[in-house]
1. Under 6 Å between Cβ atoms, which residue pairs at least 6 apart in sequence (or on different chains) link something in region 270-298 that is touching a residue at least 24 places away in the same chain (Cβ under 8 Å) with a partner that is of a type in the set (A, V, I, L, M) and part of a helix (DSSP H, G or I)?
2. Using the structure shown, decide if Phe42 is at pLDDT 90 or above, more than 20 Å from Arg114 (Cα to Cα), in contact with a helix residue (DSSP H, G or I) (Cβ under 6 Å, 6 or more places away or on another chain) and of a type outside the set (A, V, I, L, M).
3. Report, ordered by the first and then the second residue, all pairs with beta carbons closer than 8 Å, sequence separation of six or more or different chains, a first member in region 247-259 that is on the phi > 0 side of the Ramachandran plot, and a second member that is buried (at least 18 other Cβ atoms within 10 Å of the Cβ) and part of a strand (DSSP E or B).
4. Can you tell me how many residues in region 134-151 are of a type in the set (A, V, I, L, M) and touching a helix residue (DSSP H, G or I) at 6+ places or on another chain (Cβ under 8 Å)?
5. Could you tell me how many of the residues in region 41-67 are surrounded by 23 or more Cβ atoms within 10 Å (Cβ to Cβ) and closer than 17 Å to Ile158 by Cα?
6. Of the conditions (1) in contact with a Cys (Cβ under 7 Å, 6 or more places away or on another chain); (2) farther than 16 Å from Cys194 by Cβ, Pro263 fails just one. Which one is it?
7. Name, by its number, the condition in (1) among the acidic types (Asp, Glu); (2) closer than 20 Å to Ser41 by Cβ; (3) modelled with pLDDT under 95 that does not hold for Asp124.
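The values are calculated or read from the model by the stated rules, or taken from the named source; none is laboratory data. Fair warning: this is a prediction, and the values are worked out from it, not measured in the lab. Glycine gets a Cβ as well: all are built from the backbone with ideal geometry, and neighbour counts include every protein chain shown.
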Amino acid sequence: MVALIKIIFCVVSLSFVIFFGLIPQALSVDTEISFENKKVSFEISLAGETQLIRGYLSKRMEGEGPYPAVILLHGCTGLDLDGYALPWKGLADHARFLNKNNFISLIIDSHGSRGITTRASWVDSCVYGKGYLERTADVDGAIKFLEKLKYVDRSKIILLGQSQGAMVVLNALRSDGGSQIRTVAAGIAYYPHCKYLTDMLAMQRFKNYFYSPILIIMGSQDNITPVRYCRKLIEVMNNNPNSSEIIPVLLEYKGAQHSFDLPLWFSSDTPIGTVASDRKATTDSRERYLVFIRKLFN
């Protein structure tokens, strides 16, 4: 009798756990529940090789949708999950803001997936650009992954990147190269190094147009990716009679420096320049890119 009672108790307890979702392994990213930073992965094909890229998916809404989705791309130092994780916290803050406003978010861990550590990234990625070109393939893979989720609106997938990640956004939205997929609805680019595009224009290696609207967000005091190059890019595109009608919009914050949207404790001089947080600019920029996106969708 005692044994029977124990068996009944175990069955009831297990049912209780499953019912209330306390076994995360039983949950799928394609269900209608909400979750935050659920670890996911997807495959990409690069130079004939298959690579597995990790990401963190968040969904706050419980309905069937479909909902718009934003792919978030880190800077040249990666997510720094093996350190203070400030880049991760910055992107996670963007993701939470987007989730609150009914967007799905997917943070891609491009460097971590390739074994590029934070320490190595300062030279390998920030100076020599290791992993940069490969990241456009990450975008393609992320888009394919999101398009398979029934609660994602395939026509409303957006890219948001910081620094090198912002350069990936610009590269992916070029009509003459970069991404092999042309379905991204818009791009949000925080402090990209626009010089590489102005250089390509000078060498006539860039056809001077994008296929989707882009909002470029810069700090006027950025000495890592100076705003003057983005001003020049837009000026050249505006003055080119053959330019696309889709010309990036530049949003500039007076006094803000590089990485102003990261939760940094103090201004810091890094091997590549100065980084400093600006909470006022961060808050305002999020509201501004939300307006930018909603205008496109409406």
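1. none
2. No; evaluated as a whole, the condition is false for this residue.
3. Qualifying pairs under 8 Å: Gly255/Gly219; Ser259/Gln162; Ser259/Val275.
4. Applying the first criterion (of a type in the set (A, V, I, L, M)) to region 134-151 yields 137, 139, 142-143, 146, 149.
Restricting the remaining residues to those that are touching a helix residue (DSSP H, G or I) at 6+ places or on another chain (Cβ under 8 Å) gives 139.
Residues meeting the conditions: 1.
5. Of region 41-67, the ones surrounded by 23 or more Cβ atoms within 10 Å (Cβ to Cβ) are 53, 55, 59.
Those left that are additionally closer than 17 Å to Ile158 by Cα: 55, 59.
Matching residues across region 41-67 total 2.
6. (1)
7. Every listed condition holds for Asp124 apart from (2).
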